[in-house]
Amino acid sequence: MLNKFNDHYQDRGTVKWQGMYLSEHSQSLENDATELADTISQKPQMTSLEIASVLDSAIVKNKKVAIQIEEINENGDYAKDTIGKINGYDELGIYIDHIKVGYDEIRNIQLYEELKWSAVN
């Protein structure tokens, strides 16, 4: 009887295990999804005059700025914007919350407006 059963049995291979996710698998999938969602798009390259204009405006109005650095990782993605108030500057760059950013490293700079919690839908 057992031999007849083995003659007709077809193993489903790995299909039978696909429904069994461990917490480590779920966490790994979530981490991959967040990493993909965190990819930063390339902003347009600004000229030195445009950068100087935004910097002047930020200093005069005492506003925060968001700077995209001209640096990409091994996947070709840009890092998150450096956001903060300009604390100082010298002939080589600016200081944003005690982080030195060289003028030649700036790809794009914008005045940063924080969303108020009451304005978020």
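No value in this document is a laboratory result; all are computed from the given coordinates. No experiment lies behind these values; they were computed from the predicted model shown. With ideal geometry, Cβ positions are generated from the backbone for all residues, glycine too; neighbour counts draw on all protein chains shown.
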Log entry, pairs with first residue in the stretch 99-121 being assigned to a strand (DSSP E or B), second being among the polar types (S, T, N, Q) and surrounded by 15 or more Cβ atoms within 10 Å (Cβ to Cβ), beta carbons closer than 9 Å, six or more apart or on different chains, reads 99/82; 101/82; 106/68; 107/68; 108/68; 109/68; 110/68
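I'm trying to understand the selection: among the residues of the stretch 82-112, which are among the acidic types (Asp, Glu) and closer than 17 Å to residue 53 by Cα?
90, 91, 104, 105
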Within the stretch 41-59, restricting to residues that are touching a residue at least 24 places away in the same chain (Cβ under 8 Å), in a helix (DSSP H, G or I) and of a type in the set (A, V, I, L, M, F, W, C), the one that is surrounded by the fewest Cβ atoms within 10 Å (Cβ to Cβ) is 59
Scanning the stretch 60-91 for residues that are of a type in the set (Ser, Thr, Tyr) and crowded, with 17+ Cβ neighbours inside 10 Å, the one nearest to residue 41 (Cα to Cα) turns out to be 78
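For residues that are in a strand (DSSP E or B) and of a type in the set (Lys, Arg), tally how many sit in the stretch 71-98.
Restricting attention to the stretch 71-98, the residues satisfying the condition of being in a strand (DSSP E or B) are 72, 78, 82-89, 93-96.
Those left that are additionally of a type in the set (Lys, Arg): 85.
Residues that pass the stated criteria total 1.
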